[in-house]
Structure formats: structure tokens, C-alpha cells
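Written out below as C-alpha cells is the structure these notes cover.
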């Protein structure tokens, strides 16, 4: 048996959720298909749902940063310049070894991205 303590071979996964409370989130680019190295739109392995990538500018009192946020399913209904909200924003650390060189970083995935309704003063 090639299991550890009777568990299957899958690694235990700890999800890292990002708290966006107190942050201003703005779509800095319209959503685009998340493509593979051959230009084909990627899909989620387990469900086959299409993947989308949206650039989001995250700003707080210390400054701002642009992150690329991946969502799956329907294309997010947001436009460049709109304030947005992210549901269950997850930071996903990654590492890749290519030709003896190691690279690493963090990618971001959200369950949903949607426009924030801005109410005008009357």
C-alpha cells in the first residue's frame, strides 16, 4: 500500500485566503481568457469550466499593487475602471523548476469577481 497512515497520496492542502477589508479594488483591465502557452483558453481540470484572468489594482493607505486574479466559469461582468469585489480571494504559492532554474511566486484565484454598485448622492 502506497498510502501514508491509510490516507490517499494527495497532499494535504491548506488554502490561504486574503482579507480585502479596507482595500479599494479596481479592475485595471477587462477580463480576458486565461490561455496556455499555445494560445488555447485553459479550463479547470476537474470541471472543464473555462478560466478567466482579470487585472485588479488593490490599494490601501500604504500604496497599491496590480494583481492578476483567475476565476472560472462565466466571464466576469466587470469593466476596466470599475470598483470590484472579490469573493473568497485565495493566494496560491507556486514553484517551477525549468532547466535547473527554480522560479516561484504567488497567483491569485477568486470564486467570483463582480462590480460594486456605486450609489450617487441625491
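Checking each residue in segment 3-19 for being over 13 Å from the mean Cα position of the chain (by Cα) and either at pLDDT below 85 or surrounded by 10 or more Cβ atoms within 10 Å (Cβ to Cβ) (or both) picks out 3, 4, 5, 6, 7, 8, 9, 10, 11, 12, 13, 14.
Looking across segment 23-45 at every residue that is part of a loop (DSSP other than H, G, I, E, B) and in contact with a strand residue (DSSP E or B) (Cβ under 6 Å, 6 or more places away or on another chain), the one that is nearest to residue 81 (Cα to Cα) is identified as 28.
Scanning segment 75-100 for residues that are under 14 Å from the mean Cα position of the chain (by Cα) and either within 12 Å of residue 114 (Cα to Cα) or at pLDDT 95 or above (or both) yields 75, 76, 84, 85, 86, 87, 88, 89, 90, 91. On inspection, residue 54 fails the criterion of being in contact with a strand residue (DSSP E or B) (Cβ under 6 Å, 6 or more places away or on another chain) and surrounded by fewer than 10 Cβ atoms within 10 Å (Cβ to Cβ).
For segment 70-111, name all the residues that are surrounded by 15 or more Cβ atoms within 10 Å (Cβ to Cβ), part of a strand (DSSP E or B) and in contact (Cβ under 8 Å) with a residue 40 or more places away in the chain.
Of everything in segment 70-111, those that are surrounded by 15 or more Cβ atoms within 10 Å (Cβ to Cβ), part of a strand (DSSP E or B) and in contact (Cβ under 8 Å) with a residue 40 or more places away in the chain turn out to be 70, 71, 84, 85, 86, 90, 108, 109.
The values are calculated or read from the model by the stated rules, or taken from the named source; none is laboratory data. Computed from a prediction, not measured in an experiment: that's the story for all the values here. Every residue, glycine among them, receives a Cβ derived from its backbone with ideal geometry; neighbour counts consider all protein chains shown.
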